[in-house]
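*Asks:* First the structure, then my questions, so here it is.
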Amino acid sequence: MSGSGSEPLLIDCARQQVRVIGALIVREMHTRFGRHRFGYLWLFFEPLLLGAMIALIHGFRGGDSVRNTFEFFSIGYIMFFAFRGMINRASSTITANRGLLYHRQVTLPDLFYARHIIEAVACTGVMAIFTIAGIALGGEPPDSIVKMLCALGLMVLLAQGIALVVGALTSEWEALDRLVHAMSYLMLPFSGLFFMVEWLPEWMQAIMLWVPTVHIFELLRDGQFGDRFRATYDLTYVAYWILVPHLLGLVGLRLARQRIGLE
Amino acid sequence: MALELIDVHKSYPMNIGRKHVLRGVNATFRRGERVGVLGRNGTGKSTLVRMLGRIEAPTRGKIQSSMSVSWPIGLAAGFQSALSGADNCRFIARIYDRPVQATVDYVESFAELGEYLNMPVNTYSSGMRSRLGLAISLAIDFDCFLVDEALAVGDTKFGRAFAARIQNSGLIIVTHQPSLVRQLCTRAAVLDQGTLTFYEDIDEALATYNSL
């Protein structure tokens, strides 16, 4: 929807989109955490608390393999937490922001991008805190921080693609929301959070490698622990899981924008 | 500079079949024109406004615009009601690339909201909401303001200030109140049964509207 007779330049569109997403981020922070000065800290506190609790429960069960260390669970868990949060929140993204669609430069994908950027920043921050805490608790520093950040980036993009699809679908069929919540919860044991592929029997390895998050967790552990494990991942496979849902989701949201009533 | 509607149709899916709200609307709104569109309840006034604001696509036909048109300013439109008036102001200033503080200052001086500017919009009366919407849009400044039932614009201090402020801008106001059209507009149209009919003479439009 161009503003004037001549088509606007791509760079102007990009600038406008950046502006809108920036404004949406500020607005989202205000609605989610209030306007109190320390409200933003909740953004980090919630995953921090959850990740730490899970890690402590697993950590105190004894044994001294890497599986039982603090880093294995804490960082893995917050990544899964971000993944699940992005997908579960997708169904409310459009309804919560419906009033803003009165401004024609606010597009449906922008609403999702803004939320996802917040999620990614929170996750990165908490990941840094856990990494430092892990070292302080006597663990070794990570083998490759770049690999860890790549894993986080891929996880966010994977969740984003799925969230766009879920957002488009739930705008038409609201009931799907419940299914999404159940699925994202039931996925936990198969996500790759609790195991390394090399620990599994061979027949199960082949099955588990169909799950895209398994590859991402393997990459994360490769970055965290380096040679202490044999990590198995195929990033091309993950790329397909990112690209195809993005395409479907963006097309779906374009259709949804024409169909949703504003009042 | 103008906003043009060319054979615009709009229909919505219903339980059985489709509801045809607009059936071939043709119109040209030029820059600086102040047009009142009169319509009874349920004749598709709000639908028309959303089309003009290009936030809803027509089922058929075309909408062309070569001037800047505001978002449809109304009671609920364009706000996040859990946030304060000032926060909404800042958000809108950001997305339209206007200086944030200047926008807030303008709204503070124009909207007559007092302390309520820092209260959530969902605590506002309907008059306050429309004053906020109108004030923000005036601060952003458009070639043409698009207003859907601005209740507060009557013969009040705010109403007179608003009328004075838009003397040099375009306005499209969609309403069921003939008095508003008489107060603010230079041209009038009546929306009935999915078509829009323009009248050069405002009295003629009002007479037609009253006979509906």
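The values are calculated or read from the model by the stated rules, or taken from the named source; none is laboratory data. Note that the structure is a prediction, hence the values are computed from the model and not measured. When we count neighbours, we look across all protein chains shown, and the Cβ atoms used for this are built from the backbone with ideal geometry, even at glycine.
*Asks:* A:Ile260 passes all but one of (1) under 22 Å from A:Thr131 (Cβ atoms); (2) modelled with pLDDT under 90; which number fails?
*Replies:* Failed condition: (1).
*Asks:* Here is a check on your reading of the model: is A:Arg230 touching a helix residue (DSSP H, G or I) at 6+ places or on another chain (Cβ under 6 Å), under 25 Å from A:Ala128 (Cα atoms) and surrounded by fewer than 21 Cβ atoms within 10 Å (Cβ to Cβ)?
*Replies:* Yes; evaluated as a whole, the condition is true for this residue.
*Asks:* Within the stretch A:198-219, can you find the residues that are at pLDDT below 90 and of a type in the set (Asp, Glu)?
*Replies:* Passing the criteria: A:Glu198, A:Glu202.
*Asks:* Quick one: is B:Phe79 within 12 Å of chain A (Cβ to nearest Cβ), part of a loop (DSSP other than H, G, I, E, B) and surrounded by 15 or more Cβ atoms within 10 Å (Cβ to Cβ)?
*Replies:* yes
*Asks:* Right, another one. Hey, does the stretch A:214-223 have a residue that's surrounded by fewer than 20 Cβ atoms within 10 Å (Cβ to Cβ) and charged (D, E, K, R)?
*Replies:* There is no residue in the stretch A:214-223 that is surrounded by fewer than 20 Cβ atoms within 10 Å (Cβ to Cβ) and charged (D, E, K, R).
*Asks:* So how many residues does the stretch B:4-55 have that are within 14 Å of another protein chain (Cβ to nearest Cβ), at positive phi and in contact with a helix residue (DSSP H, G or I) (Cβ under 8 Å, 6 or more places away or on another chain)?
*Replies:* 0
*Asks:* Run B:Val25 past the list (1) in a strand (DSSP E or B); (2) among the β-branched types (Val, Ile, Thr); (3) closer than 24 Å to B:Leu75 by Cα and report the number of the one that doesn't hold.
*Replies:* (3)
*Asks:* Just checking, how many residues over the stretch B:82-122 are under 30 Å from B:Arg31 (Cα atoms), within 9 Å of another protein chain (Cβ to nearest Cβ) and without any contact (Cβ under 8 Å) to a residue 40 or more places away in the chain?
*Replies:* 5
*Asks:* Scan the stretch B:91-114 and tell me whether some residue there is surrounded by 19 or more Cβ atoms within 10 Å (Cβ to Cβ), of a type in the set (Asp, Glu) and more than 22 Å from B:Ile173 (Cα to Cα).
*Replies:* Scanning the stretch B:91-114, I find no residue that is surrounded by 19 or more Cβ atoms within 10 Å (Cβ to Cβ), of a type in the set (Asp, Glu) and more than 22 Å from B:Ile173 (Cα to Cα), so the answer is no.
*Asks:* Please pick out the residue among B:Ser130, B:Ser109, B:Ser137, B:Ser179 that is farther than 30 Å from B:Ala205 by Cβ and part of a helix (DSSP H, G or I).
*Replies:* None of the other options fit; the residue is B:Ser109.
*Asks:* Would you pick out the residues in the stretch B:66-76 that are crowded, with 22+ Cβ neighbours inside 10 Å and facing another protein chain (nearest Cβ under 7 Å)?
*Replies:* B:Trp71, B:Pro72, listed by residue number.
*Asks:* For residues that are touching a residue at least 24 places away in the same chain (Cβ under 8 Å) and either aliphatic (A, V, I, L, M) or within 14 Å of another protein chain (Cβ to nearest Cβ) (or both), scanning just the stretch A:102-112, find the one that is nearest to B:Thr47 (Cα to Cα).
*Replies:* Looking at the filtered set, the residue picked out is A:Tyr102.
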